[in-house]
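The values are calculated or read from the model by the stated rules, or taken from the named source; none is laboratory data. All values derive from a computational prediction rather than experimental measurement. With ideal geometry, Cβ positions are generated from the backbone for all residues, glycine too; neighbour counts draw on all protein chains shown.
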Amino acid sequence: MDQRREFVMLFEQAGTDRRELCRRFGISRSTGYELAQRYRQEGAAGLAERSRRPKRSPGRTAEAMEALVLGIRDQHPPWGGRKIARRLRDLGHKGVPSASTITEVLRRHGRIDAAATAAREQPQRFEHAAPNDLWQMDFKGHFAVARGQCHPLTVIDDHSRFALGIRACGDQTDATVRSELTAIFRRYGVPLRMLMDNGSPWGSANSEHRYTGFEVWLLELGVGFSHGRAYHPQTQGKDERFHRTLASEAIGRRSFLDLAACQRRFDEWQTLYNTERPHEALDLATPVVRYRPSARSFPEKLEPFDYGPGAILRRVGDTGWLSFRSHLLKLGRAFAHRQVGLRPGAQDGCFDAFFCGHKIATLDLRQAAP
């Protein structure tokens with residue numbers, strides 16, 4: 001049900017390649033168009049035998065409306081007046097009071113902590129211009145489950161705040177990240193660039209020419225990357241804020257048996273976050289209305305990169321060194337056995353080394369050869 005709802009909302013976005021979207025969700029075109037038609041005609045009820053959306057408001061009296069307000073607040077304790085008002089309107093209720101009136105209802109019924117409200121600061125917001133220009137990715141702090149530990153891996157779109165993945169991982173290794181990210185790439189396509197933290201398995205903004213295997217893999221997929229400033233989590237502010245929301249609304253004080261139980265909860269909440277929860281930074285719209293899948297599909301098979309005419313091709317040795325005109329250039333073991341292209345640099349006697357279109361180093365032939 002959750003995947004169907006996400007599918008039809010993405011299906012209706014302007015510019016979406018509908019054929020490709022159906023392929024990524026593993027359904028035929030006819031099934032995709034049928035789901036979309038049923039959704040237009042019947043709403044959420046058309047997607048399953050039982051709809052999660054109330055068919056009508058139980059009444060129009062003040063008491064009935066207060067009950068609706070308190071019901072949503074009890075389902076989503078962190079939501080304030082603006083979110084609740086927007087959600088009630090999205091559900092089709094008439095006569096929804098203003099956000100300030102709803103806030104008064106919450107205060108009157110003891111649902112608001114005055115001290116916590118006073119401590120809130122208004123955030124400064126910025127975002128990339130279009131979906132898939134930048135994805136932010138990081139691990140949220142791990143927590144214990146009955147059978148081990150869960151390391152939640154989160155990926156969000158910078159422009160729309162759309163949650164692309166919340167994956168319950170048993171560790172934070174390169175292999176785990178690649179496996180989970182591949183599933184996300186297959187569903188939503190690949191972005192232009194990704195923003196990550198420093199450290200394993202991501203890499204580091206402060207390590208010159210020391211690429212990790214994970215970074216090289218992204219370059220092969222045509223995905224650029226950057227790292228946040230060390231000890232400066234504000235660089236990834238959207239993902240950090242997403243982690244706080246995930247902790248308070250999805251995890252809370254719940255106990256989980258294992259990773260499978262965590263994943264079931266994450267999947268359920270991810271759909272709610274993307275398609276139901278009003279977002280303050282989006283003027284109380286939901287992330288799905290601003291997101292569309294990337295037009296760049298995940299390449300199941302990597303073809304040799306064409307460096308173009310004039311490029312001098314060299315293969316990196318198994319220890320990560322590149323040999324050119326009796327000079328050596330250390331690129332790192334992550335590039336071992338891979339082909340790079342060399343082109344004359346901006347200064348005479350210098351050559352720039354490129355890997356899959358990305359400049360990775362410069363070789364200065366003016367220095368004496370070893």
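Look through ILE184, ILE166 and report the one residue that is of a type outside the set (Phe, Trp, Tyr), surrounded by 15 or more Cβ atoms within 10 Å (Cβ to Cβ), in contact with a Gly (Cβ under 6 Å, 6 or more places away or on another chain) and at pLDDT 95 or above. Please lay out each step first, then the result.
Values: ILE166 fails: in contact with a Gly (Cβ under 6 Å, 6 or more places away or on another chain).
It is ILE184.
Name every residue in the range 162-183 that is among the β-branched types (Val, Ile, Thr) and more than 15 Å from the chain's Cα centre (by Cα), in order of residue number.
Step one: of the range 162-183, the residues among the β-branched types (Val, Ile, Thr) are 166, 173, 176-177, 182.
THR173, THR176 - these are the residues of the range 162-183 that are among the β-branched types (Val, Ile, Thr) and more than 15 Å from the chain's Cα centre (by Cα).
Yes or no, residue by residue, for (1) assigned to a strand (DSSP E or B); (2) among the β-branched types (Val, Ile, Thr):
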residue: HIS151; (1), (2): yes, no
residue: VAL155; (1), (2): yes, yes
residue: GLY165; (1), (2): yes, no
residue: GLN172; (1), (2): no, no
residue: ILE184; (1), (2): no, yes
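Being within 20 Å of LEU192 (Cβ to Cβ) and modelled with pLDDT of 90 or more is the requirement here; does PHE355 meet it? Give the steps one after another, and end with the answer.
Details: within 20 Å of LEU192 (Cβ to Cβ): yes; modelled with pLDDT of 90 or more: yes.
So PHE355 fits the description; yes.
With respect to PHE256, is the statement that it is part of a loop (DSSP other than H, G, I, E, B), within 23 Å of LEU221 (Cα to Cα), in contact (Cβ under 8 Å) with a residue 24 or more places away in the chain and aromatic (Phe, Trp, Tyr) true? Spell out the reasoning first.
Numbers: part of a loop (DSSP other than H, G, I, E, B): yes; within 23 Å of LEU221 (Cα to Cα): no; in contact (Cβ under 8 Å) with a residue 24 or more places away in the chain: yes; aromatic (Phe, Trp, Tyr): yes.
Considered against the rule, which asks whether it is part of a loop (DSSP other than H, G, I, E, B), within 23 Å of LEU221 (Cα to Cα), in contact (Cβ under 8 Å) with a residue 24 or more places away in the chain and aromatic (Phe, Trp, Tyr), PHE256 comes out as no.
Tell me, which residue of the range 143-162 that is over 25 Å from TYR188 (Cα atoms) and touching an Asp or Glu at 6+ places or on another chain (Cβ under 9 Å) is surrounded by the most Cβ atoms within 10 Å (Cβ to Cβ)?
Let us first name the residues in the range 143-162 that are over 25 Å from TYR188 (Cα atoms), namely 143-149.
Subset that is touching an Asp or Glu at 6+ places or on another chain (Cβ under 9 Å): 145-149.
Working: VAL145: 18, ALA146: 9, ARG147: 13, GLY148: 12, GLN149: 12.
Applying the filter and picking the extreme gives VAL145.
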